[in-house]
Amino acid sequence: MTTMSPAWLRPSRTGLAVRYILLTIGAVAMVLPFLYMLSTSFKGQQYVLTTPPQWFPHPATVSNYTTAWNSDHFPRYFLNSVVVAVVTTVVSLLLSSMMAYAFARFDFPGREAMFRILLLGLMIPAMMLIIPQFILAKYLHLLDSLTGLVVFYVAASLSLNTFLLRGFFEAVPAELEQAMEVDGAGSITRYWRLILPLARPALATATIFTFLASWDEYPWALTIINTPSKQTLPLGIALFQGQNSTLWGLVFAASIAAIGPVIVVFLAFHRHFVQGLTTGAIKG
Amino acid sequence: MTVSAAVRSRKAAIAAGKEARPGSGRASRRRSGGRRVPRRSAIPYAFLAPGFILFVALIIYPMIRAFQMSFYDWRIVAGATSDFIGWQNYVTAFHDRIFWRSLANSGAYMLFTVPPQIALGLFVASLLRAKAPGQGLYRLLFYIPVVTSWVVVSLLFQYLFADAGLVNYVLHGVHATNGHTSWLSGRWTAMVAISALGVWKGIGWSMMIFLAALQGVPRDLEEAAAVDGAGRWRRFRTVTVPAIWPALTFVTVMLVIGGFNVFTSVLLMTGGGPADQTQVLLTFMYEQAFKFLQFGYGSAIAALLTVLVFVLSVIQLRIFRNRETS
C-alpha cells in the first residue's frame, strides 16, 4: 500500500509548477504589505511617501522606534495591553473551564437551557451591544479603567471558550473520574487534578484566542478609555495617526512592536489556531 | 449499555480523536450513554455561577436592553429623564438619507468582500490540499493577515492607498491608471480600498475552513469520477462541492454577518468621510451614539442591523438546505 496520492490527483510537472507559481503570487500578496510596513518603519518622515517609493529604507534609521518608545505613554500602552490580555485570559479560562466542567459532567435541571443561553453569545456581534454595555459600565463605575476592559473582555470570551472546552471535557473517560471519586476525591479535586490537566491542548487553544482577542480589541477600548495612561496598544497606535499628515514611520514602528509578539506566538502555536478555527465560531 | 461497551465506545471515541471537536459534543454524549454524575446537587450550579452570572449581566442583559433603548429618547446626562417615544427612532432612521447610504455601503462591502473570499479561499485551499513540500509554510503565510490586529492593517492599507502610495505607483507602473487616483476621498474608490483590505485579511480564514472540509471529501468518489472521464471542473462541481456543502454554508453565513459588521477599517481608513460618503451602518451607529449622544437612535440602528443580519442568515440557511436536498 503506497501512501502516494492516486495518479489523477498527482499533478503533472507543469501542473505542479503552475500550482507553486499561483501559490507564491498569493503568498507574496499576503506578506508584501507587512514587509513594506517593516521597511517604512525604518524611514525618515520625508521618505515615507516618495515617488518612486523606497523599497529599502535609505538612509535607514531606527529613530521611529526610539521616538515611539520614548514618547510619553508608549511603554505604558504596552504594559497595559499585557496586563489586560493576561488577566482576561486567566480569568476567562478559569470561569469557562468551570462552566464547561458542569456542562460536560453533570446532569441538572436547566442544563440545556443555560447552555443555549450561553450560545447566544456566539451569535451576537460585539458591536451590537456596545451602547447598552457603555451605559452599564458607566453605572458600574467601570468607565476609563483597565478593569472595565478586562471584565467585558472576559464576558465576551466565555461563550466560545466554554463551548470549546466542553467538547474536550466530554472526551475524558467517565471511568477515570469515577475511580477518583471512589478514592474520595471531591468535584473540585477532579476538576483541578484530572479534567484540566487532560484538556491541556484545548486550554492552549482557548488561551491563544482569548489573549489575541483582548490584545487586538479596539472598539470597546476606544469607547470607554479616555486617560492616556490607561490606553492599550491599539488605541495608542491609532493615536499616532495624525489629523492631516500621519507620521507613518512612527505608526509602523509602533505597529511592529504590537504585532511582533502576536506573529511569533502564531508561528509557534499555529496548530492550536487551526484547531480553534475549525470549531467554527471565530468571528472575522 | 454494559460497562465494557461504555468503555469501548469511549475508547473508540478518543481514538477517533476528533471527539473533542465541539459540535460533535452532543453526539459523543449520547454515545457515552449518559455516564455523567447523575446526582441532584448544588455542585454544578456552584461551578456555573461565577461565569454564568457575569455572562448574563454583561451580555444577555445588554442584549435585551439594546432593543428597549431603541424606543427611548435616551439621555445619558445625569438627572435628565429618558422619554419613551415608541417607534420614533426607527421612523427617523427611515427618513435619514445617511442611514440609507450607510446601509447601501455596508451591503456593497458585503457584496465586494464575500464572493472573493469564498472563491479565493476555496481556490487556495484546493491548491494546498495535496501533500507537497512547503504546503505548511504557504498555509501560515496566507493566515498571517487573519491574526493581525484590525487597527494595524487598517492603517497599513490607508498608507498603501494614499495618494502618493504604493497602490497608485504600481497601477501606474502597469499602465492600469494614471496613478493619480485619490482612493480614500471618493465614495466608491474608498469602498474598493476598504473592501480590498477585507478580502486580503479574510482569505486565510475561509482557506482554513475549506482545507479542513476538503480533508473529508471521499477520494474514491473523486477517483471514480475521474475514471468516468469527468474533467476537473465537473469533478469539482459534482463531487467536491456537495461534499464540502456544510463548510460552504458556514463560511457564507459567517462572512455575510462579518461583512455587515465592518467597523474598525472604515473608522480608521476614512472615518466615514468625506461628508459621510463612506459611512457604514456601524460607523454611523457609533457616531450617533458616542459623538452626538443619540443613544436611542444608535440603538435603533443596531437593532435594525441585528434583525437584518438575522433574516439574511435564515434566508441563506434555507437556500443552502434546499440546494442540498435537490
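The values are calculated or read from the model by the stated rules, or taken from the named source; none is laboratory data. What you see is a predicted model; the values in this text were computed from it and never measured. Cβ sites come from the backbone with ideal geometry, for glycine too, and all protein chains shown count toward neighbours.
Taking segment B:140-182 on its own, how many of its residues are among the hydroxyl-bearing types (Ser, Thr, Tyr), part of a helix (DSSP H, G or I) and modelled with pLDDT under 95?
Counting residues in segment B:140-182 that are among the hydroxyl-bearing types (Ser, Thr, Tyr), part of a helix (DSSP H, G or I) and modelled with pLDDT under 95 gives 3.
Pick out the one residue from B:Leu111, B:Leu120, B:Leu137, B:Leu103 that is surrounded by fewer than 17 Cβ atoms within 10 Å (Cβ to Cβ) and within 19 Å of the chain's Cα centre (by Cα).
B:Leu111
Can you go through A:Ala179, A:Ala204, A:Ala185 and tell me which one is surrounded by fewer than 20 Cβ atoms within 10 Å (Cβ to Cβ) and either touching a strand residue (DSSP E or B) at 6+ places or on another chain (Cβ under 6 Å) or not in a helix (DSSP H, G or I) (or both)?
Within the list A:Ala179, A:Ala204, A:Ala185, the selection yields A:Ala185.
Return the residue satisfying two criteria in turn: it lies in segment B:123-134 and is farther than 15 Å from B:Val217 by Cα and at pLDDT 85 or above, and of such residues it is surrounded by the fewest Cβ atoms within 10 Å (Cβ to Cβ).
B:Phe123
Being within 11 Å of another protein chain (Cβ to nearest Cβ), within 25 Å of B:Gln294 (Cα to Cα), among the polar types (S, T, N, Q) and more than 20 Å from the chain's Cα centre (by Cα) is true for just one of A:Gln133, A:Gln178. Which residue is that?
Exactly one of A:Gln133, A:Gln178 is within 11 Å of another protein chain (Cβ to nearest Cβ), within 25 Å of B:Gln294 (Cα to Cα), among the polar types (S, T, N, Q) and more than 20 Å from the chain's Cα centre (by Cα), namely A:Gln133.
Given the residues B:Thr148, B:Thr113, which is the only one that is facing chain A (nearest Cβ under 8 Å) and within 29 Å of A:Trp215 (Cα to Cα)?
Within the list B:Thr148, B:Thr113, the selection yields B:Thr148.
Among the candidates B:Leu156, B:Leu120, B:Leu171, B:Leu137, single out the residue that is within 7 Å of another protein chain (Cβ to nearest Cβ) and out of contact with any strand residue (DSSP E or B) (no Cβ under 7 Å at 6 or more places or on another chain).
From the options B:Leu156, B:Leu120, B:Leu171, B:Leu137, the qualifying one is B:Leu156.
Take the residues of segment A:38-60 that are β-branched (Val, Ile, Thr) and more than 31 Å from the chain's Cα centre (by Cα): which is nearest to A:Ala254 (Cα to Cα)?
Among residues in segment A:38-60 that are β-branched (Val, Ile, Thr) and more than 31 Å from the chain's Cα centre (by Cα), the one nearest to A:Ala254 (Cα to Cα) is A:Thr50.
Could you figure out which of (1) buried (at least 24 other Cβ atoms within 10 Å of the Cβ); (2) in contact with a Leu (Cβ under 9 Å, 6 or more places away or on another chain); (3) of a type in the set (Ser, Thr, Tyr); (4) assigned to a helix (DSSP H, G or I) isn't true of B:Thr278?
So the condition that B:Thr278 fails would be (4).
Mind counting the residues in segment A:28-60 that are under 26 Å from A:Thr232 (Cα atoms) and away from chain B (no Cβ under 14 Å)?
2
Could you list, in sequence order, all residues of segment A:164-190 that are touching a Phe, Trp or Tyr at 6+ places or on another chain (Cβ under 7 Å) and under 14 Å from A:Pro201 (Cβ atoms)?
Hit for segment A:164-190 is A:Phe169, nothing else.
Looking at B:Tyr61, B:Tyr45, can you tell me which residue is surrounded by fewer than 17 Cβ atoms within 10 Å (Cβ to Cβ), part of a helix (DSSP H, G or I) and more than 25 Å from the chain's Cα centre (by Cα)?
Criteria check complete, one pass: B:Tyr45.
Do you know which of the residues in segment B:198-219 that are within 9 Å of chain A (Cβ to nearest Cβ) and surrounded by fewer than 20 Cβ atoms within 10 Å (Cβ to Cβ) is farthest from A:Met30 (Cα to Cα)?
Once the filter is applied, the top-ranked residue is B:Arg219.
Among the residues that make up segment A:216-223, is at least one of them within 8 Å of another protein chain (Cβ to nearest Cβ), in contact with an Asp or Glu (Cβ under 9 Å, 6 or more places away or on another chain) and not aromatic (Phe, Trp, Tyr)?
No, every residue in segment A:216-223 fails to be within 8 Å of another protein chain (Cβ to nearest Cβ), in contact with an Asp or Glu (Cβ under 9 Å, 6 or more places away or on another chain) and not aromatic (Phe, Trp, Tyr).
B:Ile194: farther than 19 Å from A:Thr24 by Cβ, more than 11 Å from chain A (Cβ to nearest Cβ) and buried (at least 23 other Cβ atoms within 10 Å of the Cβ), yes or no?
Yes: the conditions hold for B:Ile194.
More than 7 Å from chain A (Cβ to nearest Cβ) and at pLDDT 90 or above, is that true of B:Trp87?
Yes: the conditions hold for B:Trp87.
Quick one: would you say B:Gly165 is free of Cβ contacts under 8 Å to residues at least 60 places away in the same chain and on the phi > 0 side of the Ramachandran plot?
It is false that B:Gly165 is free of Cβ contacts under 8 Å to residues at least 60 places away in the same chain and on the phi > 0 side of the Ramachandran plot.
Among the residues of segment A:116-129, which ones are surrounded by 19 or more Cβ atoms within 10 Å (Cβ to Cβ) and without any contact (Cβ under 8 Å) to a residue 40 or more places away in the chain?
A:Gly121, A:Ile124, A:Met128, A:Leu129
Given the conditions (1) closer than 30 Å to B:Gly186 by Cα; (2) buried (at least 16 other Cβ atoms within 10 Å of the Cβ), report the number of the one that B:Phe94 does not fulfil.
The one condition B:Phe94 does not meet is (2).
Identify the residue in segment A:225-255 that is touching a residue at least 24 places away in the same chain (Cβ under 8 Å), part of a helix (DSSP H, G or I) and surrounded by fewer than 20 Cβ atoms within 10 Å (Cβ to Cβ) and, among all such residues, is nearest to the other protein chains (Cβ to nearest Cβ).
A:Pro228
From the list B:Val307, B:Val262, B:Val253, B:Val266, which residue is in a helix (DSSP H, G or I) and under 26 Å from B:Gln158 (Cα atoms)?
Selected residue: B:Val266, the only one of B:Val307, B:Val262, B:Val253, B:Val266 that is in a helix (DSSP H, G or I) and under 26 Å from B:Gln158 (Cα atoms).
Could you tell me whether segment A:16-33 includes any residue that is among the aliphatic types (A, V, I, L, M), at pLDDT below 90 and under 32 Å from the mean Cα position of the chain (by Cα)?
There is no residue in segment A:16-33 that is among the aliphatic types (A, V, I, L, M), at pLDDT below 90 and under 32 Å from the mean Cα position of the chain (by Cα).
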